[in-house]
Amino acid sequence: MQRTRAHTPTEAPQLSDRQLECIQVLCGNPEPTVEQAADIMGLSVNTVLTHRRHVYQKLGVHCRLDLYHRARDLGLLVCSCCKKRHDGQKESGGEEEEGVELGGNRGGG
């Protein structure tokens with residue numbers, strides 16, 4: 001298996017539109033199974049697994065919990081309220097995850 005180095009929080013790797021969509025779906029609320037993600041994206045389960053593997057490699061993560069935190073830190077998650085990307089940094093007087101679509105169980109891969 002090819003190893004890739006982890007990117008720094010400010011360095012976002014080059015991701016395809018499908019890979020970005022995969023991140024949004026996999027980090028959604030409620031957290032979908034791979035089968036549900038495939039249905040949402042209109043792809044086969046194997047294609048979603050391939051996209052997920054490539055995203056994990058590019059972001060240097062090993063599970064969905066790490067994916068969520070990495071994507072949030074890189075500003076790759078789209079806020080469900082304002083449809084904007086946020087970098088996960090707390091703003092004065094606000095919560096960093098307010099309005100961001102969060103998955104339910106953040107422990108799975």
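For the condition more than 20 Å from Val78 (Cα to Cα) and either modelled with pLDDT of 95 or more or assigned to a loop (DSSP other than H, G, I, E, B) (or both), what is the one hit in Gln2, Gln36, Gln14?
Gln2
Matching residues to (1) within 11 Å of the chain's Cα centre (by Cα); (2) of a type in the set (Val, Ile, Thr); (3) within 12 Å of Leu20 (Cβ to Cβ):
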residue: Ala37; (1), (2), (3): no, no, no
residue: Leu43; (1), (2), (3): no, no, no
residue: Thr47; (1), (2), (3): no, yes, no
residue: Arg53; (1), (2), (3): no, no, no
residue: Cys63; (1), (2), (3): yes, no, no
residue: Asp66; (1), (2), (3): yes, no, no
residue: Ala71; (1), (2), (3): yes, no, yes
residue: Leu74; (1), (2), (3): yes, no, yes
Open item on the list: Can you tell me which of (1) modelled with pLDDT of 55 or more; (2) on the phi > 0 side of the Ramachandran plot is the one Gly93 doesn't meet?
Closed with: (1)
Open item on the list: Among the numbered criteria (1) assigned to a helix (DSSP H, G or I); (2) at pLDDT below 90, which one does Gly104 miss?
Closed with: (1)
- [ ] Please specify each residue of the range 46-59 satisfying the condition of being out of contact with any His (no Cβ under 9 Å at 6 or more places or on another chain) and farther than 13 Å from Val25 by Cα.
- [x] Asn46, Thr47, Thr50, Arg53, His54, Gln57
TODO: Could you list, in sequence order, all residues of the range 55-78 that are touching a helix residue (DSSP H, G or I) at 6+ places or on another chain (Cβ under 7 Å) and assigned to a helix (DSSP H, G or I)?
DONE: Val55, Tyr56, Leu59, Arg64, Leu67, Arg70, Ala71
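The values are calculated or read from the model by the stated rules, or taken from the named source; none is laboratory data. Note that the coordinates shown come from a computational prediction; the quantities given were computed from them, not determined experimentally. Please note: Cβ atoms are built from the backbone with ideal geometry, for glycine as well, and neighbour counts cover all protein chains shown.
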